[in-house]
Every structure is written in structure tokens, then in C-alpha cells.
Amino acid sequence: MLNFINKIYRFLPVQLLLLHFRKYQLLLFFWVLLIATLSGNFAAHFGASTLFLAPEYLGEINFVSMFFLGSTMAIFIMSWNITTFIIHSHRVPFLGATRHAFLKYCINNAIIPLAFLIFYSVISIRFQYVDEHASIFGTILMQLGFYSGLVLFLFFSFAYFFRVDRDLFKAVLSTITNPSVIRGIIPYDSLDVEFDMIRANTFLSETLHLERTGDLENYHPRLLSAVLRRHHRNAITATIFALLLLFVLGAFSEHPRLRIPAGGSFLLLFTVMTGLVGAMKYFLKTWELMGWVFIVLLLSIMVHWKIFDLRSIAYGLDYKTKQLPVTSYEYDSVKHFFNEARYVQDEQKGLDRLNQWRTKLSTETKPPLVIISVSGGGTRAAYWTFAALQRLDSLCKGKIFSNTVLMTGASGGMIGAAYWRSIHMAAMQGKISNPYNSRYQANIGKDLLNAIIFSFACVDIISPFNKISVSGRIYTKDRGYSMEEELIRNTEGVLDAKLGDFQKPEAEGTIPQMIINGTIIDDGRRLMMSAQPIAFLTQPAYALRDTANPPIDAIDFASFFAHQQPFNLRLSTALRMNATFPYILPVVKMPCKPQMNIMDAGLRDNFGTEVALRYFFVFRKWMAENVGNIIFLQIRDTRENEVLPSTEESSLGAMLIDPLTVIENKWEPFQSYAQGYIKDMTPELSNRVHFITLSYFPKEIKKSAALNFHLTSREKQDLLQSLYNPTNEAAIKTTLELLQ
């Protein structure tokens, strides 16, 4: 038994597996991250696993999309083999005495990739069959697509290494990829010398036969080292090829056919990062830590001198106004700008608009008035909001749309609400015949995550110098722009509009006014983007009595940036700014001094309640005289009074992490409870004010739709079924009665 165990232990695949855990574990991080993502232990709340389980190409999850994912998985596996081969090959010098040394290394180094592929197939098959409702044949076809891409690319990769002496890349790059040239620049350190040879007695040949290392012919160590260095050069050439591929994909990201699945983009990014990590280890050795410190310092200097900026911009705004001074965002300037005169002036314009709206409903003496607020929550909230509004409006024969004076909210919910309003506007203009067509519901549920992640991997990080033209101005293209373009494509161009396009129909009361919010992360104020002047919403009413230091808690975007042509702002940009979830989408910088930086509206108010109630308070007297029932319709993708499970600190990790994440995890209930106090402050009209909520009730709590920009077929079905939940049915019935 001991002899058998010793044979297994001295088997090269086992020795290589142990070597990865003993030496430079950082290269295992990428495998750990992939496994954690697929198993739901990393970013599960945001549906990160769908990047790899439901890859999309040209809007479809099919054989081709899985083929591309399999191809990029092959590239990543080859990169990992290449990197570890360069780092560890001196520990297996006997491979230099064999033909096709790199191929033999890959075969003997296959335990981790094979284990991952088995794990992936099990998870993927279950996901396709259960969550995407694919047939057995469809599920098998998906797997065939994945492994076709994997095997085909591995075949071409090894063909390159077999014929490397006649390869064009080798001829061109033979000098610049020679490791000895770069190693000659690095200061010599005696600690670099390692004598950690692998003691393996057996290994697998290219034909998968068991061979003994003792049977190999003995060569001089220098000759073996020279053979392995040749493979190093060819391996580095392959890594450069992956980097060039990312550059090409980023440069031509506007072409849908060149936009590979987002999971594939991430695997290409992992490929380059693996190569970088390996290069730092191979070339710098004991100087590696100093190398990383140097890179961080270099990036810091580039950011400081604005050579490198990860922030995005608002497409359509003029960032280079030279004729006028830059807008000042100092408190004194803001205080003088949003003064009492502007407050009263904009309030009167708001009253004029309400009177216009009231005139168009001349058949009713005191018509019901609706104020809609929607919650954030990515595509989940967008899909749920649109579904709820479409069904409710169809049941009341259009009265929700005609009787709504204001729509506001946060993040994904505003995307759904904006699409719903634009669909009705298109119907009024005769561009579409039926605003209740199920096709529009399907459109808002289409994937946005693929475009965002593809841009993140291929444009933002690798090639941040692409430029595009919007409204005659040149801007940098990033994942924010990619998300907008995908949203416009998904909605058949309906959301391809500017803020100013809604100025006249809103002012005339033809369509509901929409206030799209963002959070100014520099000071916590709200940035309100609307086609109408809304200075009366920038501060509480009592602030008008405090002329010295009024507490201005919001900024009217169109008024404040009047010199930057605010009405040229793309609607998709306003919606993206309002849905800028940290890291998924880039922070947006505004053209003022000091610069304000905009993120998700949900950071300040994830339900739109604060803006809606302040609007109500300002116009409460007019509403008392001119309308009947006042309906606050809130559409949220979470339950209002949900009792969350208590946190049990059953592990050291939970004990350390929970206090840091409690605000993030409980953010929505915190806001809901606080806004309950605000609702209590509604004045004497309380007998005519009705708060109605439509909430998403998942069929299974643990399988609720993920908070991200991608929905599976099962999640879409679950969201639509929630409309028929008894609580929502009762809310719909009440709404229909109040609209009579």
C-alpha cells in the first residue's frame, strides 16, 4: 500500500498539482473566483454566474454563444498553462529531453482545468434545463457548442506550438519576446536561485501512456535550459496575441458580430491578467513586490495628472464651454443660484403645467391624480415596473397614463417607467399602434449585462482611447456608453431621445412629467434631471425663511447647467446616471468646479418617495381645489414590510464582515421605515390621499430574480406571475376603483 501511495505521489500530475498550492498561489485566484462565481458564492445577488451560464451573442443564448465561451475558456486555460510553465519549467528540466515538451506539460498539468470543466458542465446543464427552460436536446446542444469551441481552439493552439519554427509570429517577435533580454535588465539577486526540483518518477506522454522519467536520455542542463527558453519565447508570443485580440475587440466593439459574450470577455481579461502576474513573478522574482508597488504608484500619478480617469461623462453635455466661466459648485454659488425668486418662478411654471393637464381632462370635474414612484433594482426592477404599469394601464383603459402628473424613482425602475412613457408617446404620435403589445415587455427584459461587461474587459481597461461623436461633440467611449447603446437597441430606438424632446409635451400636460434622479456622492445631494424647471424641489419650504444658510439638498440639473446645453443630454445617459451601481457602471463627472460625481439614485432614495411627497407638498393647495383622489402609486421590486432573517454570527468571517455590510444589505428597509414618517406628515388631504404599492413577490424567496442587468427565462416568468399575487390583485382592484 505504501509503495502504491508513493507511486501516486511521485506521479508528475500530482506533483504539479501540489506545486501550484506550494508555490505562487496567486495564480490559483482566477480558478477560485470562477468557481465561487458559478457556485453562487461570489456576486450571486448581482447574477454574476449568468455571464458564464447564459452567455449571449447577438442577443441569443445558443450554440454559437456557447462556442465563443468555450473558445475563450480554451484561451484562458492555455494562458494559465503557459504562465505556470514559464514560472515552473526549471523545476521539471527533464521535460526538455522530450519532444513537444509544452504539450506534455499541459497534459500533466490538466487536473485543475479538467476538474473545473466537470464542475462547469454540471452547473451549466442544471442551469440551462431548470432556469432557462431549455429542452434536453437544447441543453445537450449548448454543451456541444461549448466543447466544440474549447477543443477547436486547443487544437489550433497546440498546432501553433508544434510548428512554431515556421510561424510568422516567431519570426517577427523572436527578439522582443526573448526572456533573457528582459531578465538581463533586472538586478541580480542570489535569492532568485531556487533548487526546488520536482521529484517525479512517472508522467503522461502525448498519447496518454505512462512513461518513466528515468528512461529519458540525459542531456547537459544548459541544453535542456535552452530548449525550455525557446518554449518561453513562444509562450509569451501567445500571451501577446491574447492582448492584441482584446485591443481589436475593443476597437471594433460597435460591431455586434465582434461583441463576444461577456463571460468570454472576462476570460480574455483573466488571460491577460494571468500573463501579467506570471511575468511579474518570472522577471522580477524577489523584486516582485517592488514591481507591484511601482505599478500602483504609476497609476496614482496618472490619475493625479488626469492622464487616466475611470469616470464617465454625460453624453450630450458641453464639457468645453470656453465663452462662459465654469459653473461653480461651491455652497455660496448654489445658495445664490437656487434663491427664493427662482423657487417661486419655477413653482408658478409647475402650476401652469398642472392647469394645462387639468384642462385636457375637461370631462371630469375633479379627476383623480396619480403620482408614480418606482424602485431601483436593475433589469429586475425595469421589467417589473413596465409589466405592472402596462397591465394596470390596460385594465383602466389608459387612465393611469392620462391621469399621471409625475413619475420619479431610482435606477432600473426608472428605465422601465421611461420606456413605458415613451411607448405611449410613440402611440400618441402614430408611430406604433398598440402600446400594450407584449413585444415591448420582452424588449425591456433583454440583456444589458453583456454589453457592459464586454466593454469593461475590452474597452475600459484595455483600450480606453476610443472616441465617439454625440450631438456634434467628441467623447470617450466606455461601458456606460455601451450600456446606453444596448438599451437603445433593445427598445427598438424608442429611448433614443434627448431630454429636450420631452420639454413641450410635458409642459402642455400631454405626458407625465418625469424626474430622473442621481446621487451626488461628494455631498449627498440629489441631482434631478427633468425637462421642466424644478427649483421648488431643491430645498424644503421652510428653507425659504432661512436666507442666511438654506439647507439646499438637491440640484435642478437643467437650470444649474444651463450654459452646458442640458437639453441635449441623452435620455439614455440620464437613465444610466440614475442607475450607476458601483463598479458595474462608471461614476459620471459633471462640468462644474469643483466637479460633482454622480452615482445611483438609490443611494439617496431607492423608491422616489421623497421627491414625490415634496412635489405633493408644494402643490397641495392646488390639488385640494382641483382634483379628487390623489393616488401615490409605488412600484417596487421588494416587499415593503418584509421581515428579513436575523443575522447569525456563526462564523468568524460573519462576525468580522457583518458589521461592515449591514448598511448595504439592509439599505432598502432602512429607507422604507424612514419614509413611513414622511408619509405621516401629509396634511389635511389625508382622507383623499391613497398610498398603493405593487411589490414583486417571488414564488421562492431563495430564487428571486437577481439584482443585475440580466434576467433568465425563469426569472421573467416569476416576475410576471407576481402580478397575480393576491396582495397585488387587491392593490390593482383598489386603484381601478379610485380612478373611477
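Limited to the range 304-332, what total is found for residues that are farther than 24 Å from residue 501 by Cβ, in a loop (DSSP other than H, G, I, E, B) and at pLDDT 85 or above? So the count comes out to 2.
Out of 294, 283, 270, 247, which single residue is in contact with a Phe, Trp or Tyr (Cβ under 6 Å, 6 or more places away or on another chain), part of a helix (DSSP H, G or I) and either farther than 30 Å from residue 25 by Cα or not polar (S, T, N, Q) (or both)?
Details: 294 fails: in contact with a Phe, Trp or Tyr (Cβ under 6 Å, 6 or more places away or on another chain); 283 fails: in contact with a Phe, Trp or Tyr (Cβ under 6 Å, 6 or more places away or on another chain); 247 fails: in contact with a Phe, Trp or Tyr (Cβ under 6 Å, 6 or more places away or on another chain).
Criteria check complete, one pass: 270.
From the list 365, 359, 385, the one residue that fits, being more than 29 Å from residue 542 (Cβ to Cβ), in contact with a helix residue (DSSP H, G or I) (Cβ under 6 Å, 6 or more places away or on another chain) and either open to solvent by 10 Å² or more (accessible area, probe 1.4 Å) or not acidic (Asp, Glu) (or both), is 385. Residues considered: 433, 455, 422, 482. Of these, the only one that is part of a helix (DSSP H, G or I), of a type in the set (Ser, Thr, Tyr) and either open to solvent by 30 Å² or more (accessible area, probe 1.4 Å) or at pLDDT 95 or above (or both) is 422. Residues that are assigned to a strand (DSSP E or B), closer than 30 Å to residue 719 by Cβ and not aromatic (Phe, Trp, Tyr) are absent from the range 378-385 altogether.
Here the helices (runs of 4 or more DSSP H) wholly within the range 50-166 that include at least 2 residues being of a type in the set (Val, Ile, Thr) are 63-88, 111-130, 136-162. Residues in the range 100-108 include none that are over 18 Å from residue 155 (Cβ atoms), open to solvent by 40 Å² or more (accessible area, probe 1.4 Å) and not hydroxyl-bearing (Ser, Thr, Tyr).
So, in the range 75-93, exactly how many residues are surrounded by 24 or more Cβ atoms within 10 Å (Cβ to Cβ) and small (Gly, Ala, Ser)? Count: 1.
Which of the following residues is in a helix (DSSP H, G or I) and within 18 Å of residue 690 (Cβ to Cβ): 354, 389?
On the way: 354 fails: within 18 Å of residue 690 (Cβ to Cβ).
Unique residue meeting the criteria: 389.
In this structure, is residue 346 assigned to a helix (DSSP H, G or I) and in contact with a strand residue (DSSP E or B) (Cβ under 9 Å, 6 or more places away or on another chain)? The answer is yes for residue 346. Please state which of the following conditions residue 103 fails to meet, knowing it meets all the rest: (1) free of Cβ contacts under 8 Å to residues at least 60 places away in the same chain; (2) more than 27 Å from the chain's Cα centre (by Cα). Only one criterion is unmet by residue 103, namely (1).
Tell me, please, whether a residue that is of a type outside the set (Phe, Trp, Tyr), assigned to a helix (DSSP H, G or I) and either under 18 Å from residue 617 (Cα atoms) or in contact with a strand residue (DSSP E or B) (Cβ under 8 Å, 6 or more places away or on another chain) (or both) can be found in the range 508-522. No, the conditions are met nowhere in the range 508-522.
For the range 1-29, the candidate set comprises residues that are outside any helix (DSSP H, G or I) and basic (Lys, Arg); within that set, the residue that is least open to solvent (accessible area, probe 1.4 Å) is 10.
If you check 335, 360, which single one turns out to be closer than 26 Å to residue 608 by Cα and either at pLDDT below 90 or out of contact with any Leu (no Cβ under 9 Å at 6 or more places or on another chain) (or both)?
Details: 360 fails: closer than 26 Å to residue 608 by Cα.
Result: 335 is the single residue among 335, 360 that is closer than 26 Å to residue 608 by Cα and either at pLDDT below 90 or out of contact with any Leu (no Cβ under 9 Å at 6 or more places or on another chain) (or both).
With respect to residue 119, determine if the residue is of a type in the set (Phe, Trp, Tyr), surrounded by fewer than 19 Cβ atoms within 10 Å (Cβ to Cβ) and either in contact (Cβ under 8 Å) with a residue 24 or more places away in the chain or in contact with a Phe, Trp or Tyr (Cβ under 9 Å, 6 or more places away or on another chain) (or both). Show your work before the answer.
Working: of a type in the set (Phe, Trp, Tyr): yes; surrounded by fewer than 19 Cβ atoms within 10 Å (Cβ to Cβ): yes; either in contact (Cβ under 8 Å) with a residue 24 or more places away in the chain or in contact with a Phe, Trp or Tyr (Cβ under 9 Å, 6 or more places away or on another chain) (or both): yes.
Yes, satisfied.
Entry remark, the range 531-563: residues being among the acidic types (Asp, Glu) and without any contact (Cβ under 8 Å) to a residue 60 or more places away in the chain number 2 in total.
The values are calculated or read from the model by the stated rules, or taken from the named source; none is laboratory data. Only a predicted model underlies this, so the values are computations on that prediction, with no experimental measurement involved. With ideal geometry, Cβ positions are generated from the backbone for all residues, glycine too; neighbour counts draw on all protein chains shown. Only protein heavy atoms, including side chains, enter the accessible area calculation; ligands, DNA and RNA are left aside. Shrake-Rupley method; radii C 1.70, N 1.55, O 1.52, S 1.80 Å.
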